[in-house]
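Here the structure comes first, spelled out in structure tokens, and everything after it is commentary.
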Amino acid sequence: MSNFEHLVIILWLGLDKLVGKIPLVILISWCYITNFVKTKNKVREGQMKKALITGITGQDGAYIAKLLLEKGYEVYGTYRRLSTPNFWRLEYLGAFEKVNLIPVDLSDFGSIVEALKISQPDEIYHLAAQSFVEASFETPVATGDVTGLSTTRILEAIRQVCPDTKFYFAGSSEMFGKSGLLNGEKPLSEKDMLYPMSPYSAAKLYGYWITKIYREGYGIFAVNGILFNHESPLRGLEFVTRKISNEVAKIVLGLSKELRLGNLDAKRDWGYTPEYVESMWLMLQQKDPDDYVIATGIAHSVREFVEKAFEIVGLDWQKYVKVDKRFFRPLDVPCLIGDYSKAKEKLGWEPKTRFEKLVELMVREDINRWERWLKGERFPWDAPNYPSENKIITRALRM
Ligand code: NDP
Ligand code: GDR
């Protein structure tokens, strides 16, 4: 609804007591119907932008889906078949029934081509990846395929099917690797050396370079976001921040007794995800494609995150935290801090949520969830679901 329509409703509400409820119901229905017709017309006239998100079920995928829906995009997302559906983040953000889903396996070139033909996107956000650094040491070959090579499959499909589509690649601060060590604690910018220290970051480095190659070789509008760690209550439970906030919440509610962690000395530059996905969108709205570091410029250790999280609930962390060898990595980047000055200058992007606020919002949200769970409330992740079937676009529909 437009601001004007909202204003009319508010004024009418004032008159409601005088004239009764029926005219109000008619007015609200009229506003919604005209709004629906306007949206449909926009799609038909091709004004509404279309975006395709790979990895829409992940943390960033869900947040950017919500952002793009708010901006009036028609949103498509690829998902892979799992034995248990995994749409809880989209449900949590109220985006579940608003996006169109396309079954795609990133190792299957044909299914990627089909997704481009179905969605005809103006913009592609390629976020799908085996994104857990620790797991990449266990499955280095599969990580190379999904996190690295799939980027070439998508770029090649763009080149063949829709060369005017803009492309975002989810690069990572992990690509700096040893540079984080060699630079001391100097913030890293786009100009610093990339020196991966894990199969994950080597795969990302491949994705980063192939994105540049398709940009320079074929003139595709392809950008690399070099994002430092970003967190939220929708972060996967295996990543250290959410592992801590979730376990602290359980400990304070008497549902758990200890928190087992690996390297407490590692330092990371942690930001807040909803702000970071905005930067992805901004990168695709520029006149020319380029690569950008997105970060807060400040790093904290895992130990500091733990201390802060326990402090919020008034507990002494040393009584609960156990260091467990299982969570150490064969190689671990000791410190990563980003210099986001280029993004600030060219995109007008800046981080807003600082470390203390981030830890607090994550711990409070996990406490809130577990309290509601204890009262018997059930959540999307307790009752996995598929969306209504008209939101899934299969090949049979196109035959
Ligand atoms: P998540 O782990 O939350 O999401 C990853 C997404 O990729 C999920 O939708 C997942 O699907 C999908 N995926 C994983 N494996 C496959 C596969 N084999 N085939 C198809 N899809 C697959 O990651 P984030 O949302 O946090 O990160 C988004 C992207 O940004 C990733 O590429 C990540 O590497 C990168 N990145 C993230 C940063 C961060 O701090 N969050 C920082 C820098 C880069 P499913 O739900 O089915 O598992
Ligand atoms: P990271 O995130 O590897 O930086 O990758 P993660 O939260 O997994 O680790 C951060 C640091 O914490 C240390 N750590 C532990 N990590 C985990 N997961 N579990 C533990 O118990 C634990 N104890 C200590 C780690 O050793 C590490 O130093 C994330 C992902 O989102 C990537 O996809 C992304 O590219 C980078 O951030 C930027």
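The values are calculated or read from the model by the stated rules, or taken from the named source; none is laboratory data. Bear in mind that the values here come from a model prediction, so they are computed numbers and not experimental data. Neighbour counts are summed over all protein chains in view; Cβ atoms, including those assigned to glycine, are modelled from backbone coordinates with ideal geometry.
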Q: Starting from region 192-203, keep only residues that are under 10 Å from residue 333 (Cβ atoms), then list their pairs with residues that are within 13 Å of ligand 1 (Cβ to nearest atom) and among the aliphatic types (A, V, I, L, M) whose Cβ atoms are within a distance under 6 Å, requiring at least 6 positions of separation or different chains.
A: 196/175; 196/202; 196/205; 197/333; 198/133; 201/175
Q | Filter result for residue 331 (under 19 Å from residue 172 (Cα atoms) and assigned by TED's automatic domain parsing to the domain that holds residue 200) | A | no
(Q) For region 139-188, which positions are more than 17 Å from residue 117 (Cα to Cα), more than 12 Å from ligand 1 (Cβ to nearest atom) and in contact (Cβ under 8 Å) with a residue 40 or more places away in the chain? (A) 140, 152, 177, 178, 180, 181, 185, 186, 187, 188
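Would you pick out the residues in region 60-85 that are among the β-branched types (Val, Ile, Thr) and more than 16 Å from ligand 2 (Cβ to nearest atom)?
Residues of region 60-85 among the β-branched types (Val, Ile, Thr): 64, 75, 78, 84.
Matches in region 60-85: 75, 78, 84.
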Q) Hey, does region 110-117 have a residue that's buried (at least 21 other Cβ atoms within 10 Å of the Cβ) and either among the hydroxyl-bearing types (Ser, Thr, Tyr) or in contact with an Asp or Glu (Cβ under 6 Å, 6 or more places away or on another chain) (or both)? A) no
Q | Those residues of region 193-233 which are surrounded by fewer than 21 Cβ atoms within 10 Å (Cβ to Cβ) and near ligand 1 (Cβ under 9 Å from one of its atoms), in sequence order | A | none
Q) Within region 98-113, can you find the residues that are hydrophobic (A, V, I, L, M, F, W, C) and within 19 Å of the chain's Cα centre (by Cα)? A) 99, 101, 102, 104, 106
Q. Can you name every residue in region 357-387 that is more than 21 Å from the chain's Cα centre (by Cα) and part of a helix (DSSP H, G or I)?
A. 367, 368, 370, 371, 372, 373, 374
Q.
It is to be established whether one or more residues within region 89-106 are polar (S, T, N, Q), in a loop (DSSP other than H, G, I, E, B) and either touching a Cys at 6+ places or on another chain (Cβ under 7 Å) or in the same structural domain as residue 289 (by TED's automatic domain parsing) (or both).
A. no
